[in-house]
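These notes are about the structure you will find just below.
Readers should treat all values here as calculations from the given coordinates under stated rules, not as data from a laboratory. As the structure is a computational prediction, the values presented were derived from the model and not from experiment. Cβ sites come from the backbone with ideal geometry, for glycine too, and all protein chains shown count toward neighbours.
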Amino acid sequence: MDIRIAILGCGYWGPNLIRNFYEQEFTKVVCVCDVAQERLLPVRKRYPDIEVSCDPMAVLRRADIDAVVIATPIFTHFALAKAALENQKHILVEKPLAPSVEEAKQLVDLAAKYKRTLMVDHTFVYTGAVMKIHQLISEGSLGDIYYYDSVRANLGLLQRDVNVVWDLATHDLSIIDYIFSKSPVAVSATAGSHVGKTEEVAYITVFFEDNRIAHLHVNWLSPVKIRKTLIGGSLKMLVYDDVEPSEKIRVYDKGVDMVREEHERSLRVSYRSGDIWTPKLKEHEALSEVANEFLSAILEARPALTDGISGLRVVKLLEAAARSIKMRGQEIKI
């Protein structure tokens, strides 16, 4: 029996979701909805068998729809997701889950109450590169993790309803939530707005319970596109460059050791330099994996990899960063 899907929102990301769900097995995209009728014209042309609508609440009340994908602006997420759950729908919500911790908690509670799947589209978690990083860290190949240091920059896309932290930093925070087993304990952040009312450049530091640290630089005002992450461990170090077309991950057998001098009490710094390894990555479209995970979670009645609880953890970090920015970088406890 096919899972019958409705997709709300076909602006920037919506068309990608429509295509990927349309191509999935055991699924039928019944309806696409957008309040702007002109956005529905390409859908009518490319998918003549899909219904279109400009009334999201009417779509959510339909008894013939099992699940809803929400790809609308963040300020609409809570109301639409809440209505979907109250109408007994499984939901996949575009990142971030909600604009506040309180609203994210309500959605998690509603999903549990109605026994429905709640999943967040943290797309980068489903890339071959991030899956490989998770594997390498989990099996101990990098040793004890020291730091996560990333730059995510490009020219735009400037958002009117959220700042660069809620837009771009969500990606790295969801990656960190997936690859690290330790919990963050505090956040510090600074940011600046230069061409609009929302911050376009931000620096975020996340502190963890085991002394590891994560630093994120997110930027809408960069002349070049950069998506590069350094992860340092006690055994090996890793560079993840998402802009690189083929060798996105390189693992370096490099590090620093403290060696006790013979017959002395002092320690000497020893630098280690070995081979560079490029692991083979799974080749797939990440958004196809997102769609498959959502459908599998529904059919198997299990939590999705990026479920509502993981989405809530990310929103907690985003909200803490927002508070820290207002306080000029003051550390906010999680």
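Odds and ends about this structure:
- Segment GLN135-GLU283, length gained on full extension (0.36 nm per residue, minus Cα span): 51.7 nm
- For the pair ASP2 and SER296, the difference between a 0.36 nm per residue extended length and the Cα-Cα distance amounts to 104.6 nm.
- A straight Cα-to-Cα reach below 17 Å connects LYS28 with the lysines LYS89, residues fewer than 8 places away in its own chain not being considered.
- Computed from the Cα positions only, the extents of the chain along the three principal axes stand at 79, 42, 41 Å, in decreasing order.
- Under Karplus coefficients 6.51, -1.76 and 1.60, residue-wise ³J(HN,Hα) of the stretch 131-140 in Hz, glycine/proline x: 4, 5, 4, 4, 5, 4, 5, 5, 7, x
- Computed about its Cα centre, the charge dipole of the stretch 3-116 is approximately 120 debye, with only Lys, Arg, Asp and Glu carrying charge at their Cβ.
- With Cα atoms, 0 to 90° folded angle of helix 170-179 axis to the chain main axis: 60
- The sum of -39500 (n - 2.57) across all DSSP H runs of n ≥ 4, divided by the residue count of the chain, sets its helix-only mean residue ellipticity at 222 nm to -9500 deg cm²/dmol.
- For the pair the stretch 235-252 and the stretch 166-220, the centres of their Cα atoms are 20 angstrom apart.
- Cα centre as origin, Lys/Arg/Asp/Glu Cβ charges: the chain dipole, Debye: 460
- Cross-link partners of LYS115 among aspartates and glutamates (Cα-Cα below 15 Å; sequence separation of 8 or more within a chain): ASP66, GLU86, GLU300, ASP307
- Between helix 308-326 and the chain: long-axis angle, C-alpha atoms, 0 to 90°, nearest 10: 70
- For ALA186, distant residues with modelled amide H under 5 Å away: PHE207, ILE334
- Of all aspartates and glutamates in the structure, the ones whose alpha carbon falls short of 17 Å from that of LYS333, not counting any fewer than 8 places away in one chain, are GLU102, ASP177, GLU209, ASP210, GLU319.
- For the stretch 1-56, applying the loop criterion from DSSP together with a ceiling of 15 other beta carbons within 10 Å to the chymotrypsin sites (Phe, Trp or Tyr not before Pro) yields TYR12, PHE26.
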